[in-house]
Every structure is written in structure tokens, then in C-alpha cells.
Amino acid sequence: MMPPLGKVAVLGLDGVPFSLLKHFMDAGVMPRLAETAVAGTFLRMTSTLPPISSVAWTSFMTGRNPGEHGIFGFTDLKNDQIALHLPSFDDIRCPTVWQLAPHRRSVVVNLPFTYPARPLNGVLIAGFVAPLFERAVYPDTLIPWLRSMSYRIDVDAVKARHDRDGLVLDLFDTLNRHEEAMLTLMDHERWDLFIAVVTGTDRLHHFFFDAAYDPANPRHDDFIAYYRRVDSLFGRVADRLGPADRLIALSDHGFTCLKTQVYLNHLLKSMGYLSFTRPSPTGLEDIHPASRAFALDPGRIYLNTRDRFRNGVLSATDARALRTSLRNDLLAVRLMDVGIREPAGPDRLEDRLFPEVRTAEEVYQGACFSLAPDLVAIPRNGYDVKAALNAPGPVMTDIFTGMHTHDDAFLIVNDPTVAERLPEPNITDVAALVLEVV
């Protein structure tokens with residue numbers, strides 16, 4: 001007789017790095033997560049390139065890399081045009097874990113890139129980006145209940161840029177509302193697979209990552225309090241599981257301190273690969289037709305090839321040669337070349353701005369490979385790549401204090417054998433850990 005199938009609960013913590021989580025566990029800030037980590041598996045995990053939520057959470061929920069699921073960023077390109085397309089849940093080319101187990105009932109709350117909500121055997125409340133709340137919930141009969149608790153999908157990041165005190169209050173209040181929805185659904189819905197994501201950690205990090213390790217920072221106590229609150233939520237989820245159930249916690253990417261932002265299209269222009277039809281470009285339509293390369297956030301570089309774009313200028317042979325030269329040019333850029341003067345001494349000035357520039361073949365595989373960027377520029381920690389077209393210079397400081405990384409995500413599973421089977425996990429591996437139980 002087959003043993004009964006267990007349940008699986010997944011709690012995602014957006015942007016929480018392994019290194020910071022371990023620091024807080026060791027410091028006693030997160031006892032419930034530490035308890036599960038010590039008894040089970042706690043590993044550093046690599047994420048997607050680029051390490052952004054739309055790509056990474058899609059890779060988690062499908063178990064596939066972008067070359068298979070077709071999501072390469074929050075923005076993408078229209079078919080055969082140098083023009084923006086805003087992909088959504090409807091553009092994912094692979095089934096999700098709950099679609100692969102349709103006989104099992106799922107509850108999915110605040111998972112990014114699940115808008116618009118699609119019918120499933122269960123409940124789904126989409127995470128960001130979700131412009132219309134009425135299209136973010138399935139079944140829509142849950143909407144009055146969610147509105148009654150003033151549920152919202154995300155904090156007000158626009159207001160946060162000029163109201164830091166308000167952001168702190170918003171972070172805690174939004175987490176409270178998310179927790180109420182998550183735990184109520186756990187308690188009152190029948191489910192076999194439960195997936196919930198806390199996105200406030202990512203928002204906290206973008207604005208206050210400089211406070212994470214610094215007790216003298218005026219936001220340090222708020223930072224610690226928020227992590228304690230997240231640990232409490234994890235404990236409440238864990239308390240609702242039985243001994244045969246699987247508990248997974250993970251992040252979609254890591255985080256590190258931000259020093260300045262690097263504007264890749266400005267670099268491409270200065271190198272002679274990119275030009276515009278007017279002095280102050282505002283969109284991709286202002287890219288000059290003779291341009292050979294351009295970038296989209298956050299570090300994706302596309303060659304203007306005839307194979308890809310209807311008005312492309314590069315033959316396949318020219319594109320191969322150009323890709324090699326462009327990659328070498330980017331690898332040769334040093335911090336001092338873009339005016340960055342580090343206080344650490346003269347040797348620091350010789351550091352590469354981009355330690356790695358990977359080709360599409362090195363990053364992506366699958367049926368959607370033709371949609372992939374030709375190159376992905378991976379910046380040095382502290383230098384966040386942006387693709388604004390009208391940046392006045394190659395680097396510029398913004399209000400943010402933290403940036404994403406692809407190599408410091410985390411994975412916790414309440415099963416010690418996972419570490420033996422999966423010693424160097426990638427975010428695409430987590431779906432299999434779900435499906436082997438449900």
C-alpha cells in the first residue's frame with residue numbers, strides 16, 4: 001500500500017541573502033528559521049541571470065531556466081522589433097508546479113509574476129506586478145474578504161522614495177495583512193501545496209541595506225525588528241505542518257550593499273556600439289537604426305541582427321565577430337575608466353567593472369533561446385547595472401543602498417538528505433523538491 005502523500009509549504013523571502021540570513025541566525029534574531037536549518041538543510045543557492053524577481057520566481061515555479069520558460073526580465077522585446085513588451089504570467093511557456101500536479105489543491109499567495117491570476121485547483125492571490133486587483137485574485141469571490149482587511153499587494157515604493165518613516169510603517173502593516181491572508185487560507189482552505197512570498201524584505205533591502213550590519217545606523221533596529229517579524233511568520237507556517245510534511249524556505253536572489261549605479265547604454269554609446277536619433281532619447285524607438293547593440297535592464301545586451309529584428313543591420317557572421325569584440329571591450333572596463341575612485345587604494349582602481357560577461361549559450365538553454373539576450377553583463381558587487389537611455393554619465397548614485405546578486409540566495413528544507421542530493425542548488429532545482437512530495 002502506498003504511503004499517503006504529504007503536504008508541501010513554501011515560504012519565499014524575496015531578496016534575502018544566505019550570508020545575511022546566517023548572520024541573523026547566529027545572532028539569535030531568527031530562531032525559528034535557525035531551528036529548521038540546523039535540523040534540515042541550509043544551503044547557499046545560485047539564482048538566475050539576471051537576478052530579478054520576474055525571472056527568478058518564474059524559474060522557481062516552473063523548475064526551468066529562462067531559455068525554456070521565456071521570461072528574461074520585467075521588460076522584454078516585441079517580436080522582431082526593437083520595442084518594449086511587458087511580459088506577464090500569460091507569457092510563461094512552461095507549466096508551474098501546481099499545473100504539473102493538478103490533482104493536488106494549491107494555495108498561492110503573493111508569488112511575484114503570477115498576474116493575471118489564472119484558474120487553478122485552489123486559490124491564487126498574485127504578487128507584484130499587479131495593476132488591477134480584480135484580475136489578481138482567483139477565485140474572485142475572495143476579493144470582498146481581501147478588501148475588508150485592506151489587503152494590498154505591495155508597499156508604496158513611489159512614496160517611499162521621499163518618506164522613509166512612512167516606508168517602515170508600510171512594510172510592517174503590509175506584512176501584517178499578508179500574514180493574515182496567508183494563515184487564514186492555510187487554516188480554512190483545503191490544500192496540498194501552499195506557496196507564499198514575503199516581498200517586503202526586498203523593499204527593505206533596497207532602501208535600508210546599509211543598516212543591516214551597522215548597529216549605529218538609525219534604521220538598524222527597524223531592520224532587525226522586520227527580520228524578527230518574518231521569522232515569527234515562518235514559525236506560524238511551520239506550526240501548521242505535520243511530521244510528514246515538507247517545509248521549504250528560499251529567496252529568489254541575494255543582496256549586497258550598493259555603491260553606485262552603472263548605465264550600460266551610456267557605455268555602449270561611448271564605445272561606438274549605440275547611437276540615437278535625437279539628443280535626449282526617451283524610448284527604444286529613439287535608437288538609431290544603424291546601432292549595433294543596445295541594453296535592457298539589468299545588464300541584458302542585444303545585437304541588432306537581421307535574424308532577430310526586421311530592420312537589423314548585422315549578418316550572422318558580423319554578429320559573431322561583434323559579440324566577441326563587445327564582450328572583450330566590456331571585460332576591459334575598469335572602475336577608474338568610468339570615474340570611480342575607491343578609497344581602498346590604487347590597486348582597487350584596476351578592478352574590472354564587469355568581472356564576467358556571459359554569452360547567451362553560457363546562460364540559457366531551451367525552446368525560447370532565440371528570445372534571449374546575446375550577452376549578460378555581470379557587475380562587480382556594489383555596482384548596479386541599469387539600462388536607462390538618457391543617463392548623463394556612465395555612473396550615478398541614487399537613493400537606494402542595496403542591489404541584487406545572483407550568487408548568494410538561500411535554500412532551507414526540513415530534510416537533511418537534501419544537502420547530500422543537492423549540494424550546490426540552483427533556484428531551478430526547487431520545483432523538483434516540491435513535486436517529489438506532492
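Can you tell me which of Asp210, Asp245, Asp192 is within 19 Å of Asn381 (Cα to Cα), of a type in the set (Asp, Glu), touching a strand residue (DSSP E or B) at 6+ places or on another chain (Cβ under 9 Å) and not assigned by TED's automatic domain parsing to the domain that holds Gly339? Working first, answer last.
Numbers: Asp245 fails: within 19 Å of Asn381 (Cα to Cα); Asp192 fails: within 19 Å of Asn381 (Cα to Cα).
When all the criteria are applied, what remains is Asp210.
Restricting attention to the range 359-387, and to residues there that are among the small types (Gly, Ala, Ser) and part of a loop (DSSP other than H, G, I, E, B), which single residue is nearest to Arg323 (Cα to Cα)? Please lay out each step first, then the result.
Going residue by residue through the range 359-387, those that are among the small types (Gly, Ala, Ser) are 360, 366-367, 370, 372, 377, 382, 387.
With part of a loop (DSSP other than H, G, I, E, B) added as a condition, the list becomes 366-367, 372, 382, 387.
Working: Gly366: 21, Ala367: 22, Ala372: 14, Gly382: 26, Ala387: 18 Å.
Filtering first and then ranking leaves Ala372.
Go over the candidates Asp76, Asp91, Asp14 one by one and state the one that is surrounded by 23 or more Cβ atoms within 10 Å (Cβ to Cβ) and of a type in the set (D, E, K, R). Can you show your working first?
On the way: Asp76 fails: surrounded by 23 or more Cβ atoms within 10 Å (Cβ to Cβ); Asp91 fails: surrounded by 23 or more Cβ atoms within 10 Å (Cβ to Cβ).
Of Asp76, Asp91, Asp14, the one residue that is surrounded by 23 or more Cβ atoms within 10 Å (Cβ to Cβ) and of a type in the set (D, E, K, R) is Asp14.
Within the range 125-150, track down each residue that is among the β-branched types (Val, Ile, Thr) and free of Cβ contacts under 8 Å to residues at least 40 places away in the same chain.
Let us first name the residues in the range 125-150 that are among the β-branched types (Val, Ile, Thr), namely 125, 129, 137, 141, 143.
Result: Val137, Thr141, Ile143.
Report every pair of residues separated by at least 6 positions or lying on different chains whose Cβ atoms are under 7 Å apart, first residue within the range 187-201 and within 23 Å of Asp156 (Cα to Cα), second buried (at least 20 other Cβ atoms within 10 Å of the Cβ) and among the acidic types (Asp, Glu).
Val197/Asp14; Val198/Asp14; Thr199/Asp14; Thr201/Asp14
Could you check, for the range 49-68, whether at least one of its residues is surrounded by fewer than 18 Cβ atoms within 10 Å (Cβ to Cβ) and in the same structural domain as Ala238 (by TED's automatic domain parsing)? Can you show your working first?
Applying the first criterion (surrounded by fewer than 18 Cβ atoms within 10 Å (Cβ to Cβ)) to the range 49-68 yields none.
No, every residue in the range 49-68 fails to be surrounded by fewer than 18 Cβ atoms within 10 Å (Cβ to Cβ) and in the same structural domain as Ala238 (by TED's automatic domain parsing).
Filter the range 99-112 for residues that are surrounded by fewer than 24 Cβ atoms within 10 Å (Cβ to Cβ) and part of a loop (DSSP other than H, G, I, E, B); which is farthest from the chain's Cα centre (by Cα)?
Checked the range 99-112; the qualifying residue farthest from the chain's Cα centre (by Cα) is His103.
From Val29, Val38, which residue is farther than 23 Å from Glu356 by Cα, assigned to a loop (DSSP other than H, G, I, E, B) and assigned by TED's automatic domain parsing to the domain that holds His178? Break it down into steps so the answer makes sense when it comes.
On the way: Val38 fails: assigned to a loop (DSSP other than H, G, I, E, B).
Only one candidate qualifies: Val29.
Exactly one condition in (1) of a type outside the set (A, V, I, L, M, F, W, C); (2) part of a loop (DSSP other than H, G, I, E, B); (3) in contact with an Asp or Glu (Cβ under 8 Å, 6 or more places away or on another chain) is not met by Thr256; state its number.
(2)
Among the listed residues Ala39, Ala83, identify the single one that is out of contact with any helix residue (DSSP H, G or I) (no Cβ under 7 Å at 6 or more places or on another chain) and more than 16 Å from Ala126 (Cα to Cα). First the steps, then the outcome.
Working: Ala83 fails: out of contact with any helix residue (DSSP H, G or I) (no Cβ under 7 Å at 6 or more places or on another chain).
After applying the criteria, what remains is Ala39.
Cβ contacts < 7 Å: first residue touching a residue at least 12 places away in the same chain (Cβ under 8 Å) and among the charged types (D, E, K, R), restricted to the range 151-169; second residue assigned to a helix (DSSP H, G or I) and surrounded by fewer than 19 Cβ atoms within 10 Å (Cβ to Cβ), any location; separation 6+ or different chain. Result?
From the range 151-169, the pairs are Arg152/Arg177.
The values are calculated or read from the model by the stated rules, or taken from the named source; none is laboratory data. Everything numeric here is computed off the predicted structure, so don't read it as measured data. Neighbour counts run over all protein chains shown; Cβ positions are idealised from the backbone, glycine included.
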